[in-house]
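J.: What follows is a single structure, and I will ask about it in a moment.
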Amino acid sequence: MDTEELRDYLKENSNIENLFTIKCLQYLTEKNNQRSLDKRWPQERIDREAANMYYKFLVNIHDKISSNFKGLAKHDPNKWRHFISVNEMLDQLEESVVELDFE
């Protein structure tokens with residue numbers, strides 16, 4: 001499973017992306033509001049930064065899960081789905097995101 005497939009899987013089966021994005025946007029907006037008026041980012045940049053942060057988070061998740069597979073199994077989406085399910089990773093990831101604190 002590649003990163004894009006993992007993103008699609010998480011989007012279809014969990015609320016991780018929404019939870020992460022909401023927290024991230026709140027953090028970036030607060031940080032932006034602390035900047036002087038002439039250095040504040042437009043909302044489009046805040047949205048892009050949040051998307052980039054989620055992508056980095058996703059790549060990190062992908063790399064950690066991928067390390068549990070060898071050979072061709074790294075590319076088999078069914079093995080990934082089974083591994084994620086058996087290890088209850090969706091619940092764990094959602095809990096992690098809920099507890100996540102940007103600083």
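Quick grid of which residues meet (1) under 16 Å from Leu6 (Cα atoms); (2) not aliphatic (A, V, I, L, M):
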residue	(1), (2)
Leu37	no, no
Lys56	yes, yes
Lys70	no, yes
Pro77	yes, yes
Trp80	yes, yes
Met89	yes, no
Leu93	yes, no
Glu99	no, yes
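J.: Criterion first (touching a residue at least 60 places away in the same chain (Cβ under 8 Å) and in contact with a Phe, Trp or Tyr (Cβ under 8 Å, 6 or more places away or on another chain)) does Tyr9 satisfy it?
T.: Yes; evaluated as a whole, the condition is true for this residue.
The rows are residues; the columns are (1) open to solvent by 80 Å² or more (accessible area, probe 1.4 Å); (2) of a type outside the set (Val, Ile, Thr).
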| residue | (1), (2) |
| --- | --- |
| Met1 | no, yes |
| Ile16 | no, no |
| Phe20 | no, yes |
| Lys23 | no, yes |
| Tyr27 | no, yes |
| Arg45 | yes, yes |
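J.: Residues of the range 52-87 being of a type in the set (A, V, I, L, M) and exposed (fewer than 12 other Cβ atoms within 10 Å of the Cβ), which ones?
T.: Listed by number, the residues that qualify are Leu72, Val86.
J.: Run down Lys31, Lys39, Lys79, Lys11 and say which single residue is of a type in the set (Lys, Arg) and within 11 Å of the chain's Cα centre (by Cα).
T.: Numbers: Lys31 fails: within 11 Å of the chain's Cα centre (by Cα); Lys39 fails: within 11 Å of the chain's Cα centre (by Cα); Lys79 fails: within 11 Å of the chain's Cα centre (by Cα).
The match here is Lys11.
The values are calculated or read from the model by the stated rules, or taken from the named source; none is laboratory data. A quick note: this is a predicted structure, and the numbers were derived from the prediction, not measured. Please note: Cβ atoms are built from the backbone with ideal geometry, for glycine as well, and neighbour counts cover all protein chains shown. These area figures cover heavy atoms from the full protein model, side chains too; ligands, DNA and RNA do not enter into them. Shrake-Rupley method; radii C 1.70, N 1.55, O 1.52, S 1.80 Å.
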